[in-house]
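Single-structure report; data block below.
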Amino acid sequence: MQSTHSNDAPDEIPSETRARSSSLVELSSRKEIALTVETLKEYTALTTPLVTPNNIVVTATEGEERLTHSIIVSQFDEGFNSLQKVITMPLEGQACWTNDLEWLDYRTAVLAQGSSYKVLTIPHDGDIDGCKIHDFGNSKMHIEDIREISIHKDNQYVISGGYDGHVHIQSFGGSHSSKILPVIASKNIGDSVSSVLWHTNRPYLASWTTDPGMLQLWDYRSDEVALSFHAHETELYCHEPIKSNYVLLGYGSGNMQVLDIRNLTRCVTLFNGEALSSVGEMMYLPEQNALFSFGIPGFSRWDVDTITSPRERDCSSNLRACFQTTDYGPLTNPAARKCSGFFLEDRASPQIAVTTGAGSFMIFDV
C-alpha cells in the first residue's frame, strides 16, 4: 500500500440485520474462580489474563475507583480443576493501575502502568513466589497513560498507544536486563488511541484506532501512514486483522464492522444483537475459523468464513455462540460485567481464559 486513502462517503453498505438469538449456543465455563475475592477480599475489575503453558495466570486489578492496585499471579493444576497458589504484588505510585499487559515470552510479561512500563518475571522453576517486578528508567515516552500495547513476537518491538494521542515503538530485545528501551519510531495521532496491533504476516506493519473513529495502518519505516479509514461511528475501541486483507472494527455501541482494506467502500456492519452492548476486545483464531468479541456483558463467537465474502449480506447470522456474565457481586457499575479473553495455545483442545470486571477468572472450551 503506497498511498493514503480516506472514506468519508462510502458506496452502499450491505444490509444490516440483527443477530438471531435463536441460532446462538449459550457457552458455559469449565471453571470459575473469584480471584479478587480470593486474594483481595473484595470485588474488583481484572485486566486481560495471560496464561503460560503450565497454567500460571497473570492478571492485574484496574479501575479509577481503587486507591491501590496489584498484580495477581495464580498457579492452577494441569486441568484447571483447582487453584494451587495465588500471590498478590502491590503496585506503588499514583495512577498505578495496569491498563494492558502482554507476554514478551512465557517468563516475562510487559505491563503498561501509567505512562511507562514495568516487567514481571517468572522464575525458571515456575515457583510464583519468586516473581519480581522491574522498573524501566527511560520507558516514559507518553505524557499521559498508555492505553494499549502490542508486542511483535519476532523482534520484540512493543508498540504503545496513549491517551495523549501518540504512538511509540520501542525495542525490548534483551532490554529487560539492561533497562534500556531504544526508540524505533513515533507518531503523533492527535486523538486518544484506543487500540494498537502488529500485523504478524507483514513484519513492518502496525495499526491503531482512535476514540473518534479512525483506523490507520502504518509501515514504521515511512513517515506517512499507509491507509486511513474514517468510521461512521465514534467510540471505536478495538480492531483485529483477519485473513490477509480484512480488518474487524469493534465499537462501544456493540456493533462490529468488517473492512476490506483493498476497497474501503466494502464495509459490512455486524450486530451483536442481545449478546453484547459494547465491544472492547476482539480475537481471531485462524485454526478454529473463529472470531471472539469481548465486552459488556460477556463475549460472542463468530464464524468467519462468510464474513469476508463479498456476496454475504446477512453476516450477523454467523454469530454462533455467546456468554453473558451474571455474577458480578455487589457492584452496580455496568463495567462490572466486562469480559476480557486470552487464547490458550498448545492445548489438546482449544480453550480461552476469560476475566471479568467483577474479579472472576474462567476457562472455556471453544
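The values are calculated or read from the model by the stated rules, or taken from the named source; none is laboratory data. Nothing here was measured: the structure is a model prediction, and the numbers come from that model. Because the Cβ atoms are built from the backbone with ideal geometry, glycine has one as well, and the counts that use them run over all protein chains shown.
Quick grid of which residues meet (1) buried (at least 19 other Cβ atoms within 10 Å of the Cβ); (2) modelled with pLDDT under 80; (3) within 20 Å of the chain's Cα centre (by Cα):
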| site | (1), (2), (3) |
| --- | --- |
| Ser22 | no, yes, no |
| Ser28 | no, yes, no |
| Glu42 | no, no, no |
| Val58 | yes, no, yes |
| Glu62 | yes, no, yes |
| Leu67 | no, yes, no |
Regarding His124, is this residue in a strand (DSSP E or B) and either without any contact (Cβ under 8 Å) to a residue 24 or more places away in the chain or under 21 Å from the mean Cα position of the chain (by Cα) (or both)? no
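Filter the stretch 172-184 for residues that are over 26 Å from Met283 (Cα atoms) and either aromatic (Phe, Trp, Tyr) or assigned to a strand (DSSP E or B) (or both); which is modelled with the lowest pLDDT?
Looking at the filtered set, the residue picked out is Val183.
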The residue that is farthest from the chain's Cα centre (by Cα), considering only those in the stretch 259-284 that are more than 13 Å from Leu248 (Cα to Cα) and aliphatic (A, V, I, L, M), is Ala275
Take the stretch 70-91 and flag every residue that is assigned to a loop (DSSP other than H, G, I, E, B) and either under 16 Å from the mean Cα position of the chain (by Cα) or crowded, with 19+ Cβ neighbours inside 10 Å (or both). Phe80
Residue list for the stretch 256-289, filter: part of a loop (DSSP other than H, G, I, E, B) and over 17 Å from Cys322 (Cβ atoms): Ile261, Arg262, Asn263, Leu264, Thr265, Arg266, Asn289
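Look at Gly130 and say whether it is surrounded by fewer than 15 Cβ atoms within 10 Å (Cβ to Cβ), small (Gly, Ala, Ser) and at pLDDT 95 or above.
Values: surrounded by fewer than 15 Cβ atoms within 10 Å (Cβ to Cβ): yes; small (Gly, Ala, Ser): yes; at pLDDT 95 or above: yes.
Judged against the criteria, Gly130 is a match.
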Right, Gln94: farther than 22 Å from Val37 by Cα, modelled with pLDDT under 95 and crowded, with 20+ Cβ neighbours inside 10 Å or not? no
Exactly one condition in (1) out of contact with any His (no Cβ under 8 Å at 6 or more places or on another chain); (2) surrounded by fewer than 21 Cβ atoms within 10 Å (Cβ to Cβ) is not met by Ser194; state its number. (2)
